[in-house]
Each structure stands twice: as structure tokens, then as C-alpha cells.
Amino acid sequence: MTGYDFGDSRRWRGQLDEVTTALESLAVALDSEDELDTVLDAVCHQVTHVIGGADMASITVVRDGAAVTVASTDQRAVDLDAGQYRAGEGPCLRAAATGETVRVHVQQAAALWPGFTESAVRFGVESYLAAPLAVDQGSRGALNLFGFQPHGFDEVEEKLLELYATAVESALRSNARYLLFRNLAEQLQDALSSRAVIDQAKGIIMASRGVTADVAFEELVRQSQSENVKLHDVAERFVTGAIAKARSAEAAN
């Protein structure tokens, strides 16, 4: 009879709890932050706590064939990524290009990508783990982990990183849709507010000059064009001025 490894089971449960906690923290960050860079920095710092053996983390984004590091835990991770970009090869670029997770130790990396491994060794990096991560629509990328211990990442941590990266992608897509709809709602509200002010200005002109709505609107447009000022601003100024005159007349009486 094969024995059941309760140690591995406890480890799985513990690390899954870490992933759950990290994703809950990410949800809070997405609710409170509009700046994507801030959220991605939070992802990098969270994942070093989620994945055992991860001493540093970064996020690579590839757009139009150009790779850039958009978030990291520290400058060493940025420098390691830059070495890969210069060499045109490495675990983060492989993960971004293939959509598959890459897990290698330093000896394997030296054989696969000698162009950047020598500089990485100087930082003391012994292990690499990179999972594909699409930060936004139209881009490819990777969530990159670096470890100072040889053979620092195992299959369990690879699967956990894939789970975490997939959940992060889903959260980022949902947040992007939320921000899009929120911006559209704000633009609609602005448009409705502008329309109300313009209609008020038109009404004042029509009443004071005895002209039609079309003539009143044309008057506002001419003033907007001659002063190179937005139509809404011209209308708002006109309404404010009319209200001020009415109050002055009332006070005089």
C-alpha cells in the first residue's frame, strides 16, 4: 500500500491559502487604485510571499516586439530582465512568447540562454520561474520569479504560479472593463450636464431677444468659435452672468 504524504498535503493547503490571501489583497488594491503600475507592483511583492523560493519578482510586457519591465520588487530584477532583453533570450521572453511556464535552474539556463546567464550569475540568481501573464489587451508578457537557492522552484510552485497568474489576468481584465464603463458613465454625465447648461443659455437668449432656438444656438456657437472656448463653457458663463444680473436687479428693487 502506498503511503499518503500528509506533509505535501499540508504544504498545498498552506500555499493555496497564501494564494487566496494574495488575491483578496489584489482585489482591494484594484478597488482603491486606478494606476495600473501601482497594482502590478503589488502583484510582484505579493507573489514573493506566495511562492516559496522567490526572492525577487518582475513583470515583463511585450508590445510590438519590444519588451519592457513594468513592475518589480527591486532594481536587481529590472537589471536581470534588461539582460534578457539585450540578449533576446531568457525565461521571461520564452514564457511570454510561448504562453507556457518556464522553470529552470542556473545550469539549465546557462545551456539554453548563455547570452544573459553570465550577468545573472553575478547577482547570485540560481533559479528561474516565469509564467505567461497578459497585462492588457494586445500585449504578451510574463510574471518572473528569481531565486537565490539552487533548484529553488519545484512543480508545486510552478502550478501555484500558474494559478496565481491566471487569477491575476482575470482580475485585471475585470478591472479594465469596470474602468471603461466608469469612464463612459462619467463622459455621459458630463455630456448631459453640458446639454442642460446649453439649453439654459438658449432659453435665456430666446426670452431676452425674442429669437428661435436655432438662432440662439447659432449665437452660442459663434461666440465659442470666436473666443476659441468650449461651447459648454460659453453657455455656463452666459447662464452665470444672467443669474448675476437677475440677482442684482432684485437687490436694487
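Read-outs: derived from the displayed coordinates by stated rules, not from any lab. Here the structure is a predicted model, which is why all the values come from computation and not from measurement.
Structure data summary
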| read-out | value |
| --- | --- |
| Gain on full stretching of the segment that runs from T98 to A110 - 0.36 nm per residue minus C-alpha separation | 2.4 nm |
| Partner lysines for K202 [C-alpha distance under 26 Å; skip if fewer than 8 residues away on the same chain] | K230, K245 |
| Karplus (6.51, -1.76, 1.60) ³J(HN,Hα), θ = phi - 60°, over segment 87-101, in Hz, Gly and Pro reported as x | 6, x, 7, x, x, 5, 5, 5, 5, 5, 6, 9, x, 10, 6 |
| For segment 131-138, 3J(HN,Hα) per residue [Karplus equation, 6.51 cos²θ - 1.76 cosθ + 1.60, θ = phi - 60°, Hz, x = Gly/Pro] | 10, x, 8, 8, 6, 8, 5, x |
| Residues with amide H under 5 Å from that of A71, placed H, sequence gap 5 or more | I59 |
| Residue-by-residue Karplus 3J(HN,Hα) for segment 44-58, coefficients 6.51, -1.76, 1.60, Hz, glycine and proline x | 4, 6, 5, 5, 5, 8, 6, 9, x, x, 8, 9, 9, 8, 8 |
